[in-house]
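Everything on this sheet refers to the single structure shown next.
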Amino acid sequence: MDLRHRIAVCGKGGVGKTFVTASMTKLLADGDNLKILAVDADPAVGLAPALGVSVKKTVDDIRNDLINKIKKGEKDKSEIAAMLDYDVFDALEEGHNFGVLAVGRPEEEGCYCQVNDLLKEIIESLSKNFDIVLIDGEAGIEQINRRVMKSVDDLVIVSDTSAKGINVASTIRHVVEDRKAVNYKRIGLVINKVRNKEEVDQILGATSLELLGWIPEDDMVREYDFNGKPIKDIPATSPSIVAVQGVLETLLDGTIP
């Protein structure tokens, strides 16, 4: 099945966006019908371990290495595209029915627009080999556009039940709309760590964001996180994973292939 669907997940630190992205990756990859690309766009690089994958090289490692070579005169700019294409593909780590690409944290200062633009084009091109792309971003939503992709189908903002989390979610929405920080077809809210339906109702009264779904507090998630176990190993019957499946079905028009 050729869905060519792109989902970006963002939100305040600590609200569970990496859990949501990793759970979506797990559910889609378990189906055996799709090829999934999981892009770890958070500088903390938390998505890869959540999927049980070790990252040897990030996109920014490639970027910084090439910039240093250009500075030293070791590489002509005409060689950049061919080198980056190979290096980005080499940085792709594979799991069962999914690949993981970590963007990392930029270290070089200054503007190397040609390198940055080529990297984004290569990630865009690489994504065409996959049915669904999931991007685990940080709260600064502009970096998805600047360093990963120009547009996505769904922009999923994750929050916990705290007023601060919901305020950050609303701020992200305003930044996206006012600055046109990323192009999207749909934007919505996923509320994580919910104790009861009354909390959801109260939150919906304080935000105009579309509710894509809510995820209950789950002791199993806390246990896996505490012990450093990959999120992908949590059983599909876990209440939190079942809730994420509901979110996915909403985003993918009712079914997970």
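Scanning region 13-34 for residues that are in contact with a strand residue (DSSP E or B) (Cβ under 7 Å, 6 or more places away or on another chain) and surrounded by fewer than 24 Cβ atoms within 10 Å (Cβ to Cβ) returns ALA29, LEU34.
In region 173-182 there is no residue matching the filter, namely being more than 14 Å from VAL9 (Cα to Cα), among the acidic types (Asp, Glu) and touching a His at 6+ places or on another chain (Cβ under 8 Å). Determine if region 134-146 includes at least one residue that is modelled with pLDDT of 85 or more and surrounded by fewer than 21 Cβ atoms within 10 Å (Cβ to Cβ). Scanning region 134-146, I find no residue that is modelled with pLDDT of 85 or more and surrounded by fewer than 21 Cβ atoms within 10 Å (Cβ to Cβ), so the answer is no. The set of residues in region 210-228 that are in a loop (DSSP other than H, G, I, E, B) and under 20 Å from LEU28 (Cβ atoms) contains only ASP218.
Test VAL175 against the criterion of being part of a helix (DSSP H, G or I), free of Cβ contacts under 8 Å to residues at least 24 places away in the same chain and surrounded by fewer than 19 Cβ atoms within 10 Å (Cβ to Cβ), and give yes or no. So VAL175 fails the test. So for region 161-183 (the condition being modelled with pLDDT under 95, farther than 30 Å from SER125 by Cβ and among the basic types (Lys, Arg)), does at least one residue qualify? Within region 161-183, one or more residues are modelled with pLDDT under 95, farther than 30 Å from SER125 by Cβ and among the basic types (Lys, Arg). Within region 33-68, restricting attention to residues that are of a type in the set (A, V, I, L, M, F, W, C), in a helix (DSSP H, G or I) and under 22 Å from ASP225 (Cβ atoms), the residue that is nearest to the chain's Cα centre (by Cα) is LEU47.
The values are calculated or read from the model by the stated rules, or taken from the named source; none is laboratory data. As the structure is a computational prediction, the values presented were derived from the model and not from experiment. We place every Cβ from the backbone using ideal geometry, glycine too, and count neighbours over all the protein chains shown.
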